[in-house]
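Here is the structure we will look at, set down as structure tokens.
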Amino acid sequence: MSVLEVEGIKKSFGSVEVLKGIDFSLEKGEVLAIIGSSGSGKTTLLRCLNFLEKPDQGRIAVDGQVLLDSNDPATMKEKDIRTKRLHFGLVFQSFNLFPQYTVIKNITLAQELLAKEQDDYKTNKKKILEEIQDYSMSILERVGLTEKAKAYPCQLSGGQQQRVAIARALALKPEILCFDEPTSALDPELTGEVLKVIRGLKSSDSTMIVVTHEIEFAKNVADKVIYMADGVIEEMGTPQQVIDNPQSEKAKAFLSNLFKQ
């Protein structure tokens, strides 16, 4: 069974149809790279998956559980959005860290807020918070920032801040981890350190969707590649099929321009 099934996702803003019927699936541990020009609908798709935007039409299921079905009003209730969002971790282009909190607090904060809703929180508060702290430190180790736990975001490089953002997304143990151009705000010399972390996550069997213009990364790391244009999937397949041997004229033109840069 696929860990993620996306069927017929449509989204409009006013009279502008941004997504025109998106269909794909992912198996556990697969990495999907989504490429395409600005305005093709890539970011809107991630925001729909993460329920930051509500699709107008379509169906989203994770591990066989239907999170959204536009034909079933029971799955469209606003009160359930926060719970559904926990299935997807989202790392933004900008780091979106809380500047007033330390690195470790940025990672523990959401876990602590969720823990307060547990029935046993008051009686086991000390133990629960210690477990959250230990787990968060282990995630910081995964992204190579253990020594920065007590630093503030302003004391970190852009690459380090993005690694903290990745750690924060990992902290809630999402089934699917989504990245929206995670290196676009970084200087070229810092891009490699973030991509290295993402490569490491693949080796730990994480299921990921990465919107990116880093074509070499897509070729070497992704199991599947989607090329989007004008709100539709123009091409979908292996990196060799989509990047090395594109079939549509739009994909050929897009890739040709990228390789010239």
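The values are calculated or read from the model by the stated rules, or taken from the named source; none is laboratory data. All values reported here derive from a predicted model rather than from experimental measurement. Methodologically, a virtual Cβ is constructed for each residue, glycine included, from the backbone with ideal geometry; neighbour enumeration extends over all protein chains shown. Just the protein is used for accessible areas: all its heavy atoms, side chains included, with ligands, DNA and RNA removed. Shrake-Rupley method; radii C 1.70, N 1.55, O 1.52, S 1.80 Å.
Annotations
- Among 126, 202, 224, the largest mean-square fluctuation in a Gaussian network model of the chain (Cα springs under 10 Å) belongs to 126.
- Relative contact order of segment 181-261, pairs being alpha-carbon contacts under 8 Å that are 6 or more residues apart, as %: 19 percent
- Cross-link reach list, aspartates and glutamates versus residue 11, counting only Cα pairs under 16 Å and skipping chain neighbours closer than eight places: 23, 53, 56, 69, 230
- Backbone geometry of segment 85-94 corresponds, through the Karplus equation with coefficients 6.51, -1.76 and 1.60 at θ = phi - 60°, to 3J(HN,Hα) couplings of 5, 5, 6, 10, x, 10, 9, 7, 4, 7 Hz, x marking Gly and Pro.
- Sulfur and carbon atoms: percent of accessible area, segment 34-134 [1.4 Å]: 50 percent
- Largest GNM mean-square fluctuation among 146, 83, 108, using the chain with Cα springs under 10 Å: 83.
- Taking a ≥ b ≥ c as the square roots of the eigenvalues of the Cα gyration tensor, an a/c ratio of 1.5 or more together with a/b no larger than b/c marks the chain as oblate.
- Top of 187, 80, 119 by mean-square fluctuation, Gaussian network on the chain, Cα under 10 Å: 119
- Rounded if a/c under 1.5, otherwise prolate or oblate - segment 1-68, Cα gyration tensor axes: oblate
- Residue 173-residue 223 pseudo-label distance in nm [points 7 Å out on the Cα-to-Cβ vector]: 2.1 nm
- Extension gain, residue 236 back to residue 120 (0.36 nm per residue minus Cα-Cα distance, nm): 37.1 nm
- Added length on full extension, which subtracts the Cα-Cα distance from 0.36 nm per residue, residue 82 to residue 204: 41.3 nm
- Cα gyration tensor category, rounded, prolate or oblate, for segment 15-119 with a/c compared to 1.5: oblate
- Net lengthening on full extension, residue 52/residue 96 (0.36 nm per residue, minus Cα-Cα): 14.4 nm
- Think of it as helices only: each DSSP H run of n ≥ 4 in the chain is worth -39500 (n - 2.57), and spread over all residues that comes to -11000 deg cm²/dmol at 222 nm.
- Net charge of neighbours whose Cβ lies under 12 Å from the Cβ of residue 114, counting Lys and Arg as +1 and Asp and Glu as -1: +2
- Beta bridges assigned by DSSP with both partners in segment 127-261 are antiparallel in approximately 50 percent of cases.
- Solvent exposure of the chain amounts to 48 Å² per residue of accessible area, where only protein heavy atoms count and the probe is 1.4 Å.
- Accessible area per residue (1.4 Å probe, heavy atoms of protein chains only) ranks 254, 13 as 13, 254, with the largest value leading.
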